[in-house]
Amino acid sequence: AGGVLVTSSSNSLDQLVDGVTFELSNTGNEDVTVNVQQDVEAIADALRDFVDAYNAIHDTIDDQTSFDQNTLERGLLLGDSTVNQIRTRLQRITTQSFSGADPTLSRLLNIGIRASQGNRLSFDEEKFNEVYEQNPQAIEQLFTAEKGGAGAVLKTAMEDLTRDFDGLIARKNNTLA
């Protein structure tokens with residue numbers, strides 16, 4: 001009743017549902033019910049990776065803009081306005097409210113990603129899991145909303161910084177050249 005007949009020359013089907021691969025283990029004529037669930041741990045791992053990458057950017061910025069008062073050594077980019085603009089833009093993005101999301105979950109802070117000391121982010125996986133359990137669709141919407149979602153905003157911001165011809169870094173390179 002409403003099923004789908006599928007044939008394949010292998011035991012692996014990956015064209016039925018976008019993002020899902022079925023590994024078939026035996027044959028039969030009985031109806032099969034398949035339940036698909038989000039891999040919450042994979043989502044948490046991706047958010048943790050994002051936080052780690054964000055913090056690594058700030059580690060590099062801190063290193064390149066450092067000044068040692070004892071040795072008078074200075075980082076190559078100490079006082080560079082472009083670096084300061086990059087830092088400010090990144091901070092603003094991670095603390096802003098995203099318009100494409102549920103108003104109660106419109107900030108990364110609402111799902112366990114918060115600003116911490118030294119321009120860094122921290123990830124509270126327990127809070128994320130709690131919020132995800134209550135409203136997984138709102139978290140998905142926070143990241144995937146085409147206009148104003150975190151994914152779209154981050155993508156645009158990174159393009160504005162790194163675009164070859166008119167990105168912030170390219171313009172700085174042209175000025176220095």
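The values are calculated or read from the model by the stated rules, or taken from the named source; none is laboratory data. Not measured: the values here are computed from a predicted model. Cβ: placed from backbone, ideal geometry, glycine included. Neighbour counts: every protein chain shown. When the accessible area is computed, the model is the full protein with side chains, heavy atoms only, and any ligands, DNA or RNA have been set aside. Shrake-Rupley method; radii C 1.70, N 1.55, O 1.52, S 1.80 Å.
Worth a mention:
- The set of residues from region 92-109 being of a type in the set (A, V, I, L, M, F, W, C), open to solvent by less than 30 Å² (accessible area, probe 1.4 Å) and closer than 17 Å to K127 by Cα comprises L105, L108.
- Some residue of region 34-41 being in a helix (DSSP H, G or I), of a type outside the set (V, I, T) and under 29 Å from the mean Cα position of the chain (by Cα): yes
- Taken over region 112-126, the criterion of being out of contact with any strand residue (DSSP E or B) (no Cβ under 9 Å at 6 or more places or on another chain) and under 14 Å from I43 (Cα atoms) is satisfied by E125, E126.
- Condition check for A115: open to solvent by 60 Å² or more (accessible area, probe 1.4 Å), within 30 Å of R171 (Cβ to Cβ) and within 16 Å of the chain's Cα centre (by Cα): yes
- Of all residues in region 3-54, exactly one satisfies the criterion of being touching a helix residue (DSSP H, G or I) at 6+ places or on another chain (Cβ under 8 Å) and farther than 30 Å from G118 by Cβ, namely Q38.
- Once region 145-177 is narrowed to residues that are open to solvent by 50 Å² or more (accessible area, probe 1.4 Å) and among the β-branched types (V, I, T), the residue that is nearest to S106 (Cα to Cα) is T156.
- Selection within region 130-144 - open to solvent by less than 20 Å² (accessible area, probe 1.4 Å) and within 9 Å of G100 (Cβ to Cβ): L142
- Note on region 32-91: among residues that are among the hydroxyl-bearing types (S, T, Y) and touching a residue at least 60 places away in the same chain (Cβ under 8 Å), the one that is surrounded by the fewest Cβ atoms within 10 Å (Cβ to Cβ) is T82.
- Checking each residue in region 6-31 for being part of a strand (DSSP E or B), open to solvent by 60 Å² or more (accessible area, probe 1.4 Å) and not hydrophobic (A, V, I, L, M, F, W, C) picks out D14, Q15, T21, E23.
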